[in-house]
Amino acid sequence: MATANPNPTVVTATGDEPVPYKEQQPFFGLDRPYYGFISGSGAGKTFSGVYRLWLNATLWNPNSMGAIIVPDKGQFTDNIKPIMDEFGLMDRWEYKSVYTDEPGLVTENDQRILILSADNERQIGRIKGKNLAYIWMDEEAEIQPRAREIADQRVRIGNYPNLFITTTPDGYNHTYDFFVGDRSVEEETHGEATLMYSDETLAVVGVPSDQNPAL
């Protein structure tokens with residue numbers, strides 16, 4: 001059985017950004033293709049997603065295309081983009097609005113990060129035929145599981161192909177089935193979080209908001 005790897009090396013984008021706190025750190029591992037950060041409001045889910053996105057685009061898969069899938073356009077503009085602004089990424093990456101025909105980001109290495117809204121079948125259909133190195137699904141519990149299945153099929157290039165999920169929990173739903181289901185899963189306490197992990201997956205679960213130093 002794989003180990004949980006609770007203390008991966010943690011780096012910052014420019015040296016000025018906040019360092020992920022203890023309970024967030026297992027989400028930035030490199031030894032599995034699937035990671036999840038599943039917790040209630042205020043625990044730093046969006047920060048964790050942006051941080052792992054930056055790691056992919058800058059360190060792990062700098063020469064490959066990636067994607068962000070959100071339940072609706074407002075999720076990116078209202079919640080993700082402000083955190084990216086705090087990181088300074090919107091100053092360094094070219095941004096094409098979610099309201100344009102080709103929404104997305106272009107990194108310093110001229111690689112695209114698509115922004116797709118899962119409330120639109122045409123948008124999700126755009127991912128078919130793409131070869132991607134990484135995909136971030138934010139508020140994945142609100143997205144139909146078919147979108148994740150399609151996304152998973154497209155993660156096939158890069159130095160480290162990986163798909164990662166940040167979401168608010170919604171009971172024993174399709175997110176739970178993906179990370180637990182009929183897998184052989186182990187659990188480990190990591191600070192105030194619970195790590196649920198198998199050979200291919202690691203989910204950081206139940207982080208209370210009062211552990212987030214940003215609050």
(message) Using only the Cα atoms of the range 51-140, what are the Rg and Dmax in Å?
(response) 12.1, 33
(message) Straight-line reach from residue 130: which aspartates and glutamates fall under 15 Å, measuring Cα to Cα and dropping same-chain residues less than 8 apart?
(response) 102, 149, 152
(request) Just report the Cα centroid separation between the range 80-149 and the range 184-199, whole Å. (result) 28
(message) Just to verify a number: what accessible area does residue 184 come out at with the full protein assembly present, 1.4 Å probe, Å² rounded to tens?
(response) 80
(request) Compute the signed sum of charges (Lys and Arg +1, Asp and Glu -1) over the other residues within less than 13 Å, Cβ to Cβ, of residue 177. (result) -2
(request) Using a 1.4 angstrom probe on the protein heavy atoms only, line up 100, 77, 167 by accessible area, largest first. (result) 100, 77, 167
(message) Would you calculate the convex hull of the Cα atoms in the chain and tell me its volume per residue in Å³?
(response) 113
(request) Determine which lysines satisfy two conditions relative to residue 81: a Cα distance under 20 Å, and not lying fewer than 8 residues away in the same chain. (result) 45, 73, 96
(request) Apply the Kirkwood formula to the range 143-207: the hydrodynamic radius equals the inverse of the mean of 1/r over all pairs of different alpha-carbon atoms; give it in Å with one decimal. (result) 13.2
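With runs of 4+ DSSP H residues as the only contributors, calculate the mean residue ellipticity of the chain at 222 nm using -39,500 (n - 2.57) per run, divided by the residue total and rounded to the nearest 500.
Working: 6 runs with 43 residues, N = 215.
Calculated at 222 nm, the ellipticity per residue is -5000 deg cm²/dmol.
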(request) Would you tell me the accessible area of residue 22, worked out with a 1.4 angstrom probe on the heavy atoms of the protein chains, in Å² to the nearest 10? (result) 110
(request) Specify whether the C-alpha gyration tensor of the range 108-183 places it in the rounded, prolate or oblate class, a ≥ b ≥ c being the square roots of the eigenvalues: rounded for a/c under 1.5, otherwise prolate if a/b is larger than b/c and oblate if not. (result) prolate
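Using a 1.4 angstrom probe with every protein chain in place, what is the largest-first accessible-area order of 186, 139, 121?
Correct descending sequence by accessible area is 121, 186, 139.
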(request) Kindly sort 172, 35, 99, 160 by accessible area of their heavy atoms, largest first, with the probe set to 1.4 Å. (result) 172, 99, 160, 35
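The values are calculated or read from the model by the stated rules, or taken from the named source; none is laboratory data. In this text the structure is predicted, and so the values were computed from the model without any measurement. For neighbour counting, all protein chains shown are included, and Cβ atoms are generated from backbone atoms with ideal geometry for every residue, glycine included. Just the protein is used for accessible areas: all its heavy atoms, side chains included, with ligands, DNA and RNA removed. Shrake-Rupley method; radii C 1.70, N 1.55, O 1.52, S 1.80 Å.
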